[in-house]
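**Student:** Have a look at the structure that comes next, please.
Where a number appears in this text, it was derived from the coordinates with a stated rule and is not lab data. All figures in this text were calculated on a predicted structure; none of them were measured in a lab. Here the Cβ positions follow ideal geometry from the backbone for every residue, glycine too, while neighbour counts run over all protein chains shown.
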């Protein structure tokens with residue numbers, strides 16, 4: 001697996017979940033090559049040969065290519081005899097022994113970014129449950145790719161040194177909003193390397209001049225960074241995917257540790273301790 005290629009880890013994880021939730025013996029997939037109308041199969045689960053590995057599937061060709069071209073799920077009950085698809089890849093499919101196959105595109109902002117396949121080695125309908133699970137897996141990959149793109153944009157926008165040089169209040173507010181957004185986004189990133197990069201970037205956005213008597217837990221700091229960016233409890237709950245009551249609990253705990261009586265005091269104390277920009 002090429003873990004350094006953005007999206008590959010998410011594809012691999014989705015295939016594992018797809019097999020687990022459906023019982024399908026084989027799942028495979030890959031990403032659409034940037035700037036090209038083809039996808040390349042890079043991740044396989046349950047395969048017994050290497051016939052499909054690195055196979056380049058052109059848009060409109062075969063089952064996966066049809067899913068790319070139409071930007072919607074496609075399925076066949078018997079791949080080799082189906083009249084609904086072209087048959088450029090029959091040899092590889094036959095070598096792996098696949099018969100019934102479904103292909104679901106991963107669509108991000110109206111652009112197909114990848115394809116997930118699930119397959120049986122017998123010619124029988126895959127059914128609505130398998131299709132539904134494949135669509136859900138593709139949606140998980142879509143959300144992960146969106147999170148990656150958001151992370152990249154935030155990392156590029158976060159310029160604490162520029163804000164410090166300009167002394168602009170607006171520039172510092174942008175840094176604080178980026179800090180809050182990065183902390184909210186990090187738990188959604190499956191790739192541990194990217195996640196650690198985001199958290200390291202959060203560290204660069206804070207002065208780190210001191211520490212409170214009682215260190216804040218990660219989620220307490222997440223909530224407090226959102227408070228510092230001006231978010232309400234309801235907005236914080238939505239951003240962090242927490243219940244409003246949980247947000248209030250984290251905020252109370254952070255205030256207690258910081259010796260603060262109000263939200264504003266808590267933010268001021270956290271900034272004084274170098275925990276927030």
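**Student:** Note the listed values (1) 141; (2) 209; (3) 129, then indicate which one is volume of the Cα convex hull per residue in Å³ calculated from this particular structure.
**Tutor:** For volume of the Cα convex hull per residue in Å³, the calculated option is (1).
**Student:** Return one number: the angle in degrees, 0 to 90 and rounded to the nearest 10, between the long axis of the Cα atoms of helix 263-272 and the longest principal axis of the Cα atoms of the chain.
**Tutor:** Once rounded, the angle reads 90 degrees.
**Student:** In a Gaussian network model over the chain where Cα atoms closer than 10 Å are linked, find which of 55, 31, 63 has the largest mean-square fluctuation.
**Tutor:** Highest fluctuation of the listed residues: 55.
**Student:** Let me ask you something else. What does the helix-only formula give at 222 nm for the chain: each DSSP H stretch with n ≥ 4 adding -39500 (n - 2.57), the total divided by the residues, and the result rounded to the nearest 500 deg cm²/dmol?
**Tutor:** Value at 222 nm, helices only, nearest 500: -16500 deg cm²/dmol.
**Student:** Residue 95 to residue 37: FRET efficiency via 1/(1 + (r/R0)^6), r the Cβ-Cβ distance, R0 25 Å, to the nearest 0.05? The partial results should precede the final answer.
**Tutor:** Numbers: r = 25 Å, r/R0 = 1.01.
For residue 95 and residue 37, the calculated efficiency is 0.50.
**Student:** Follow-up. Pick from 234, 75, 27 the residue whose mean-square fluctuation is largest in a GNM of the chain, springs joining Cα atoms under 10 Å.
**Tutor:** 234
**Student:** For the residue pair residue 153 and residue 249, what label-to-label distance in nm results when each label sits 7 Å from Cα along the Cα-to-beta-carbon direction?
**Tutor:** Modelled inter-label distance: 3.3 nm.
**Student:** Using a Gaussian network model on the chain with a 10 Å cutoff between Cα atoms, which of 176, 36, 219 fluctuates the most?
**Tutor:** In the Gaussian network model the winner is 36.
**Student:** May I ask for the angle, rounded to the nearest 10°, between helix 169-185 and the longest principal axis of the chain, with both axes built from Cα atoms and the value confined to 0 to 90°?
**Tutor:** Orientation of helix 169-185: about 50 degrees from the principal axis.
**Student:** Relative to the first principal axis of the alpha-carbon coordinates of the chain, what is the inclination of helix 244-258, with its axis defined by its Cα atoms, in degrees from 0 to 90 and to the nearest 10?
**Tutor:** 40
**Student:** Tell me the Rg and the Dmax, in Å, that the Cα atoms of the range 8-151 produce.
**Tutor:** 13.6, 44
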